[in-house]
Amino acid sequence: MKDFVKRSTKIVCMGRNYAKHAAELGNEVPTMPFYFLKPTTCYVEDGGNIIYPKITKNLHHELELGVIIGKKMTKVSKEDVMAHVSGFSVTIDVTCRDLQEQCKAERKPWSISKCLDTHCAVGPFISVDKLVHNNVEMILKVNGEVKQHANTKDMLFDVPALIEFITQHITLLPGDLVQTGTPEGVGPMNVGDIVTVAIPGVSEASFKIVGDE
Ligand code: MG
């Protein structure tokens, strides 16, 4: 098990952080960041299986740059954020889209669509000095076909801004993961699919979609 996965106390997931993704789901572009949490029981590491739960009929991939916290952060300013970050990981925020839409329509919290076992897929740890946070190319493929291809320069709120915002009210601890939102191109995954995420030339991870036995 990766060190950060072992130490993590929470996963903070940003919503609607790319304008084209907000548009593809019919959402407004936010004027301030927003987030939700996943429990650490969601983690699945590269090479592992993502469970297709019986409760959904539309399991989606959301390719996201993960930021791994290195030092405790409470009320940290933008300028100081990166000095508290230990690394990155290429990740998938797995989402039961039909359940999420239902929760939104019924004005209920959407945990049931986001927080299930194996629904935070993480790739290898990448040391903070290996990437420039606001210029990271990311690709997600399903069975070898490119579904999402984006660059973090298109984020509405960059990594320092997101983490400054979170830490005004929630303390981030070493090992915690911030998923920084998905670009456009989210879509379905089915049982038997192989889903691959990559930061070209730096990191790659694959996951298999399996039924809930
Ligand atoms: Mg997401």
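The values are calculated or read from the model by the stated rules, or taken from the named source; none is laboratory data. Computed from a predicted structure; not experimentally measured. Virtual Cβ from ideal backbone geometry, glycine too; neighbours counted across all protein chains shown. Surface accessibility is based on the protein's heavy atoms, side chains included, excluding ligands, DNA and RNA. Shrake-Rupley method; radii C 1.70, N 1.55, O 1.52, S 1.80 Å.
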Top-ranked residue in the stretch 72-97 [being within 20 Å of the chain's Cα centre (by Cα) and not in a strand (DSSP E or B); ranked as nearest to PRO109 (Cα to Cα)]: ARG97
Does the stretch 75-87 contain any residue that is without any contact (Cβ under 8 Å) to a residue 12 or more places away in the chain, open to solvent by 40 Å² or more (accessible area, probe 1.4 Å), touching a Pro at 6+ places or on another chain (Cβ under 9 Å) and away from the ligand (no atom under 11 Å from the Cβ)? yes
GLN168 meets each of (1) in contact with a strand residue (DSSP E or B) (Cβ under 6 Å, 6 or more places away or on another chain); (2) surrounded by fewer than 15 Cβ atoms within 10 Å (Cβ to Cβ) with one exception, condition (1)
Taking the condition closer than 21 Å to VAL44 by Cβ, in contact with a Gly (Cβ under 7 Å, 6 or more places away or on another chain) and either without any contact (Cβ under 8 Å) to a residue 40 or more places away in the chain or open to solvent by 10 Å² or more (accessible area, probe 1.4 Å) (or both), does LYS147 pass? yes
Breaking point among (1) open to solvent by 10 Å² or more (accessible area, probe 1.4 Å); (2) under 13 Å from THR91 (Cα atoms); (3) in a loop (DSSP other than H, G, I, E, B); (4) not aliphatic (A, V, I, L, M), for LYS141: (3)
Quickly run through the stretch 6-61 and pick out the residues that are open to solvent by less than 30 Å² (accessible area, probe 1.4 Å), among the small types (Gly, Ala, Ser), under 28 Å from ASN190 (Cβ atoms) and away from the ligand (no atom under 13 Å from the Cβ). GLY48
Listed by first then second residue, the pairs whose first member lies in the stretch 152-163 and is without any contact (Cβ under 8 Å) to a residue 40 or more places away in the chain, whose partner is crowded, with 22+ Cβ neighbours inside 10 Å, with beta carbons under 8 Å and at least 6 positions apart or on separate chains, are ASP158/THR152
Matching entry among ILE170, ILE166 (being of a type in the set (A, V, I, L, M, F, W, C), more than 14 Å from the ligand (Cβ to nearest atom), assigned to a loop (DSSP other than H, G, I, E, B) and touching a residue at least 40 places away in the same chain (Cβ under 8 Å)): ILE170
Has the stretch 184-198 got any residue that is more than 16 Å from the chain's Cα centre (by Cα) and within 28 Å of LYS72 (Cα to Cα)? no
